[in-house]
1. Full-extension gain between residue 629 and residue 262, please, as 0.36 nm times their residue separation minus the C-alpha to C-alpha distance.
2. Pairs of Cα atoms under 8 Å, at least six residues apart: use those to get the relative contact order of the chain, whole percent.
3. Roughly how many nanometres apart are two label points built 7 Å out from the Cα toward the Cβ at residue 227 and residue 499?
4. State the extension gain, in nm to one decimal, for the chain segment bounded by residue 88 and residue 308, taking 0.36 nm per residue of separation less the distance between their alpha-carbons.
5. By the gyration tensor of its Cα atoms, with a ≥ b ≥ c the square roots of the eigenvalues, what is the shape of segment 350-440: rounded for a/c under 1.5, prolate for a/b over b/c, or oblate?
6. Normalise the Cα radius of gyration of segment 8-168 by 2.2 N^0.38 Å (N = residues in it) and let me know the number.
7. Ranked from highest to lowest mean number of other Cβ atoms within 10 Å per residue, what is the order of the peptides 27-36, 212-221?
8. How would you classify segment 495-632 from its alpha-carbon gyration tensor, with a ≥ b ≥ c the square roots of the eigenvalues: rounded for a/c under 1.5, else prolate if a/b is greater than b/c, otherwise oblate?
Amino acid sequence: MTHEIIDYGQFADRLRRQQGRPRWSLLDEVQREWGYVDPGGEPGHSRWGGENKKHGIDWDLPIPLALNEWWDSPLNSFAFDPRLYWVHTQWPPTISEFTADPAGGLVGPGDDPRVCVFMSEYHYAHEWGYLAADAGLADPRVLVSVGGEWVVQSRSLSEFLMQLAFERMPAHYGWTMRLGRGTVDADPGIVRRLESSYRELGLLPWQESGTDALSYGAPDAVIRHGRGPGADFKIVINARTREALLDVARTLGVEWTDKDIRPPSEVPAPPEDLGPVSLRAGDADPRGRWTVLTREYPQPPSVAGAAAALVEAPGALTAVASLHGPTLLVAGDAEGSVHVRETDDEDPETITLSLHRAPVTSVTCMELASGTRVVLSGDAHGVIRYWSTRRKPMRAPFARRSTPVVSLAAAVLPTGPALAAAWADGLVRVWDLASDAVADLRLGTGIKFLGLDADGTDGTGSTDGTHNTHGILRVTDADSTAALRLDLAALWPHRDLRRRLESVDWGSLWTARGPGHQVPELIGKVASDDKKTAMDAVHDLYRLLVSKEAASTAAVPAIPFLVELMTDPDNRARSTLLLLIADLADVHQARGGRGDAQLAAVREALPALRHLHDDPEGPIRWAANELEQNCAAR
């Protein structure tokens, strides 16, 4: 995929062209350019989720339209991920303890000098607000408190909120180089080269904590010159690529080493490049999860025309599904809405929910053994929503990836309810909904339709999920349909492990960072087919469970589960996982013998892990030796 270079030297022109456009369009552009991905679903942080005071509010003052719009907008990335911002919000805005100085020209004669605070720096070092006199304006200017005085920060609320995103996101999603005061003072030519080589962004100087930072634009990069006494760094370069960062550093005449370059901390997972789907009769998964029984040329099953009628003109129908003849009709449209009608109700009515912020690309539905009916929908942004027709949808998406959903299928298999989803990059993911076990099948691009059914050819007759149970996954591409027989035990080898995890009272056990509520979820993620998910989970467990001074009571029941995952040759985090187990045995300094139970649990697992001394991977052989040494140390 070709990287589009964005010249932020032209940003001042974009800012001027913003007039007359929708208020938040430039915010949306800036966020997407730096890598922020709309998570879908509903925000986890509302306007009432900040600091709410009963006093200091003038209830007679209106709240500017722009501030209300920001909180209601799906483009408000703060509402979805506040940690990107390091600020506190205040709703309703409160009256500041000190007022704007009329002598400074901020307020006119006889105007209200009070300031309505709607946001504060994370440590409350300063506040942002607007004049009470301007509260009736749709988009008033924003002031910031600096050294006990109010100064103008932005020409409007909407410009400030866009500028705030511009100040915060590049540090998370971009490459960063920071030049301290000593470096810049030693070479004043750095500032001269900055001013002569790059154009200003057109935004007012950022005044947070007295930084007085003026920003400049470069191809794929922004450079901030902190001119005030509060600037921790005189020059900060943020770039969308490493190459763009180094281009700016060279232009400024800066010398650097790799230690001076900070990579992005937020890295969205790229789509996989799997190539076209190619399935022939007899093909089989190397891990035994599926076998292609047949490749035929049937059409995908049709759905009732009544489902299509749920989307009324001028809406554009994009996906339909039905259930039981049909007693449940589902349709998705190009506006992101899902329409549902249960025809067996005495008084059927159509429910319409705006669940997606992109066109709906696939819908499916299923009835559980309890009689509950569930609806699933996927969209062009890669988001999947899951909900029961008798309950409100979950706020967060069921799943999401950075490529469109192309098909969904759901069925009750011998193991229980299951969901299959295909994304445009060729990944097919299959969930066991009862246990949250997940399998990733990398089948290839070009999938048009999925079907999921219980396998009627299974001669075992077993339906308890513990024996040789199967399902059928039908994969349709542009030419034909392949029927894949799924071995459910191989598909979800740790399904039973997840059930056993639930039998432990983790909340009554302790880790190095408090109660052990997180431990079972993290152990489940160690079993993930996605390597990054598995590795991240091991690192998080290390942080919770490993301490040489004080044994963790949650570690003792966790160890058998970790060992079980380590004996799986397909585990995606084996070398790191074995080091975790080895370090859990290194509790010889724990006071009062509190590490005895933890060490005993690891020693009990040694026979199951000794074969790893002969593992073909060097890091695993090394970790196996560490494990033996730690277990034998006393």
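Bear in mind that the values in this text are calculations on the coordinates, not laboratory data. Keep in mind the model is a prediction, meaning the values are calculated, not measured. Neighbour counts are summed over all protein chains in view; Cβ atoms, including those assigned to glycine, are modelled from backbone coordinates with ideal geometry.
1. Numbers: separation 367, 0.36 × 367 = 132.12 nm, distance 3.65 nm.
Difference between extended and current length: 128.5 nm.
2. Details: 1324 pairs, mean separation 50.0, N = 634.
Dividing the mean separation by the residue count of the chain yields 8 percent.
3. 6.9 nm
4. On the way: separation 220, 0.36 × 220 = 79.20 nm, distance 4.58 nm.
Extending this stretch completely gives an extra 74.6 nm.
5. Details: a/c = 1.95, a/b = 1.11, b/c = 1.75.
It comes out oblate by the Cα gyration axes.
6. Working: Rg = 15.7 Å, N = 161, 2.2 N^0.38 = 15.2 Å.
Cα Rg divided by the expected 2.2 N^0.38 Å: 1.04.
7. Those peptides, ordered most packed to least, come out 212-221, 27-36.
8. Details: a/c = 1.70, a/b = 1.08, b/c = 1.56.
It is oblate, given that a/c is not under 1.5 and a/b is not larger than b/c.
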